[in-house]
Amino acid sequence: MKVKVWIALLAVYLVWGSTYLVIRFTVETLPPFLAAGLRFLASGVILLAWRRAAGDPWPTRRQWRAAALVGSLLLLGGNGLVSWAERTVPSGVAALVIGAVPMFMVLAEALRPNGTRPAGGVVAGLAVGFAGIYLLVGPSESTELPPWELPGLIALLVAGLMWAIGSVLGRTSDLPQSALMATGAEMLVGGLALLAASLIIGEWRGFSFDRVSPDSWWGLAYLIAFGSMVGFVAYAWLLQNAPLPLVATYAYVNPLVALVLGNWFGQEPLTPRLLSAAAIIVGSVVFINGAGRARDPRKPAPLAVGE
């Protein structure tokens, strides 16, 4: 069993950590919302067909409504904005900002009706974590970091907030009992929402599939087959077969994997300022997640948006 756990954990580390760089390559010639919509529509259809054939009951009408809300927040508001932002923001930086989703989740949980207010130590962890985000994306006279477009950075922060709100709502919504059936339903509806957004904002105007590069097609195929299928299946299996503190480590490892891969394969610089911000953000997330599990040991690790 230990060997299977570590194989599944390594799959989550490497696959989900790599999706940020692959998204960057995918949106080079594919419109971002269109690419994300195609990814999740295909993944949702595959997951739903598989789980239905395996005997999972079909979602009820009420569960479809819940999946529509949660899936739109997670995938349209989360992954769609990440894909859009990565046209200008390096994949490693995107991974670090989205890696701070547990901090946004603490805020979303505190602000919802009858939500859980964070303890003093968690508040201190939030302050340190958001200071790390400011160090990462804030203005500076230093030329260590490239001049990213402000809209891309704002989109990443909004994406983290949308993913946090969707994750909090997903815990209390009437979703299918099967985690993979619920994920498939969210992917299907979220994929449709992404395609609708792509149409509304005009991504189709002047676009031709003939102009899409092989790298973008391969990237989309990787995101469907590995990012959305292998990653989610491995994660769902881990939740049932591995200690939750061990599963939660993906939230700390994935941004670091994304930084390394972005540097190796995307020529994204690893500057002292970037590495310092990474240490602060990841350290605060480790502290906040640990404090949250201490209060509720049954609490699962949140999914990260870039996956």
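The values are calculated or read from the model by the stated rules, or taken from the named source; none is laboratory data. Please read all numbers here as calculations on a predicted model, not as lab measurements. Cβ: placed from backbone, ideal geometry, glycine included. Neighbour counts: every protein chain shown.
Structure above, values below:
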read-out: Filter pass, TRP84 being aromatic (Phe, Trp, Tyr) and touching a Lys or Arg at 6+ places or on another chain (Cβ under 8 Å); value: no
read-out: Breaking point among (1) of a type in the set (A, V, I, L, M); (2) over 22 Å from SER167 (Cβ atoms); (3) in contact with a Lys or Arg (Cβ under 6 Å, 6 or more places away or on another chain), for ALA110; value: (2)
read-out: Residues of the range 170-192 classified as part of a helix (DSSP H, G or I) and either of a type outside the set (A, V, I, L, M) or more than 16 Å from the chain's Cα centre (by Cα) (or both), total; value: 16
read-out: Selection from the range 21-54 of residues that are out of contact with any Leu (no Cβ under 8 Å at 6 or more places or on another chain), closer than 19 Å to MET229 by Cβ and surrounded by fewer than 20 Cβ atoms within 10 Å (Cβ to Cβ); value: ILE46, ALA49, ARG52, ALA53, ALA54
read-out: Residues of the range 19-57 classified as within 16 Å of the chain's Cα centre (by Cα) and more than 19 Å from MET187 (Cβ to Cβ), total; value: 2
read-out: Residue among LEU192, LEU180, LEU169, LEU199 that is more than 26 Å from GLY266 (Cα to Cα) and free of Cβ contacts under 8 Å to residues at least 60 places away in the same chain; value: LEU199
read-out: Selection count where residues are buried (at least 18 other Cβ atoms within 10 Å of the Cβ) and among the polar types (S, T, N, Q), scope the range 55-64; value: 1
read-out: Inter-residue pairs, beta-carbon under 8 Å, first over 20 Å from ASN254 (Cβ atoms) and in the range 22-39, second in a helix (DSSP H, G or I) and of a type in the set (Asp, Glu), 6+ apart; value: GLU28/ASP215; THR29/ASP215
read-out: Matching residues, the range 166-175, being modelled with pLDDT of 90 or more and of a type in the set (A, V, I, L, M); value: LEU175
read-out: Filter result for VAL82 (out of contact with any His (no Cβ under 8 Å at 6 or more places or on another chain) and either among the hydroxyl-bearing types (Ser, Thr, Tyr) or within 25 Å of GLU149 (Cα to Cα) (or both)); value: yes
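Table: residues versus (1) at pLDDT 85 or above; (2) more than 25 Å from LEU81 (Cα to Cα); (3) out of contact with any Pro (no Cβ under 8 Å at 6 or more places or on another chain).
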residue: PRO113; (1), (2), (3): no, yes, yes
residue: GLY121; (1), (2), (3): no, yes, yes
residue: ALA124; (1), (2), (3): yes, yes, yes
residue: PRO139; (1), (2), (3): no, no, yes
residue: PRO147; (1), (2), (3): no, no, yes
residue: PRO151; (1), (2), (3): yes, no, yes
residue: ILE154; (1), (2), (3): yes, no, yes
residue: ALA159; (1), (2), (3): yes, no, yes
